[in-house]
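I have placed the structure first, in the form of structure tokens, so that the comments after it can refer back to it.
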Ligand SMILES: [Zn+2]
């Protein structure tokens, strides 16, 4: 059993805020410090789209600020090469979505009810941001094919269905990327592990009858959406679930993903499971979330499954808590994928 610690970088800052330092220790190895060392990191590319701002009315619930905050944290770390996401081509989007829905969103003719379900007012800026969000996941998927790991500092739009969006999700970048990779002959089988606190209902619905895609969702049973779809594996957790119970359930599903033998895993890494999240109902700590991320990345590393990380939800107050949790996901990835094997237990610290 290992444990993550966050080392605060600035005096007076509470743990878990802007430290930029993540350390993983092995509990049963008190002398763990003998093996630790600062990792010199291979530059890896991540894609962002927060520079395309969405005009929103005052008081809108979408946490627009977190994307720029996350990019600022990772820029300060210096672990990754951050690049603007390319805009997705509508022909790729139509692999997962109804052509009429795609066209109507792009030209601003979707009806009021459909836009209300999405939760954004339509604007040209929203179109550009949405195309970049999908493009970021497509670019991250290409990066994962080339290097084994790719990441998008947006995306994870798991509430988007074939012919309509929902819950701040217009197009399902996870589904689009899987179908694009398959169209191009790059993969045959894919899995999605969705650890957002809300069920990945759109993704589950799109792939419900597709035997070459396994969808896994671990979510709050009493949370949105009230009408759940059927994923390949669904784990609905009770309100108040904490680190230990959560991690136990996560570790229980990983063997099923291994048995499925996917060529690539898409990881929707929403952090709205964090204690105190305004829209979550679970009680995970920052350290628990890093253990979650570590379990997923170690799993893909051990089985040599390529992995694509997208964001997902996160609505903490202050929103800096959410940005920090998202940053930690990428810090843990950097740690796992660049960590040298140390005999007698793994221990490493990341300071970029
Ligand atoms: Zn969510």
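The values are calculated or read from the model by the stated rules, or taken from the named source; none is laboratory data. Since the model is a prediction, treat every value here as computed from it, not as a measurement. Heads up, the Cβs are rebuilt from the backbone with ideal geometry, glycines too, and the neighbour counts pull from every protein chain shown.
Identify, from the list 185, 167, 150, the residue that is surrounded by fewer than 24 Cβ atoms within 10 Å (Cβ to Cβ) and either within 13 Å of residue 312 (Cα to Cα) or touching a helix residue (DSSP H, G or I) at 6+ places or on another chain (Cβ under 6 Å) (or both).
167
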| query | Restricted to the stretch 163-192, and to residues that are within 14 Å of the ligand (Cβ to nearest atom) and not in a loop (DSSP other than H, G, I, E, B), which residue is farthest from residue 127 (Cα to Cα)? | reply | 174
| said: I'd like the full set of residues that are in contact (Cβ under 8 Å) with a residue 40 or more places away in the chain and touching a strand residue (DSSP E or B) at 6+ places or on another chain (Cβ under 8 Å), limited to the stretch 233-247. | reply: 237, 239, 241, 242, 243, 246
| message | Go through the stretch 203-212 and report how many residues are crowded, with 24+ Cβ neighbours inside 10 Å and either over 18 Å from the mean Cα position of the chain (by Cα) or within 12 Å of the ligand (Cβ to nearest atom) (or both). | response | 2
| query | On the given criteria, is residue 293 out of contact with any strand residue (DSSP E or B) (no Cβ under 7 Å at 6 or more places or on another chain) and within 14 Å of the ligand (Cβ to nearest atom)? | reply | no
| Does residue 251 satisfy the criteria of being surrounded by fewer than 19 Cβ atoms within 10 Å (Cβ to Cβ), more than 16 Å from the ligand (Cβ to nearest atom), in contact (Cβ under 8 Å) with a residue 12 or more places away in the chain and not in a loop (DSSP other than H, G, I, E, B)? | yes
| request: Output the number of the condition that residue 259 fails; it satisfies all remaining conditions of (1) in a strand (DSSP E or B); (2) more than 20 Å from residue 326 (Cα to Cα). | output: (1)
| note | Filtering the stretch 119-147 down to residues that are over 26 Å from residue 307 (Cα atoms) and crowded, with 24+ Cβ neighbours inside 10 Å yields none
| task | Looking at (1) surrounded by 24 or more Cβ atoms within 10 Å (Cβ to Cβ); (2) touching a strand residue (DSSP E or B) at 6+ places or on another chain (Cβ under 6 Å), find the lone condition where residue 311 falls short. | result | (2)
| Restricting attention to the stretch 194-211, does a residue exist that is assigned to a helix (DSSP H, G or I), in contact with a helix residue (DSSP H, G or I) (Cβ under 8 Å, 6 or more places away or on another chain) and farther than 17 Å from residue 262 by Cβ? | yes
| note | In the stretch 256-283, residues that are within 13 Å of the ligand (Cβ to nearest atom) and buried (at least 17 other Cβ atoms within 10 Å of the Cβ) total 12
| message | Residue pairs, Cβ under 6 Å, 6 or more apart or interchain, first in the stretch 43-56 and at pLDDT 95 or above, second crowded, with 20+ Cβ neighbours inside 10 Å and assigned to a loop (DSSP other than H, G, I, E, B). List them. | response | 46/153; 47/85; 48/153; 49/85; 49/154
| remark: Contact list, first residue from the stretch 155-178 and closer than 15 Å to residue 269 by Cβ, second anywhere and more than 16 Å from the ligand (Cβ to nearest atom) and part of a loop (DSSP other than H, G, I, E, B), beta-carbon distance below 7 Å, six or more apart or interchain, is 157/171
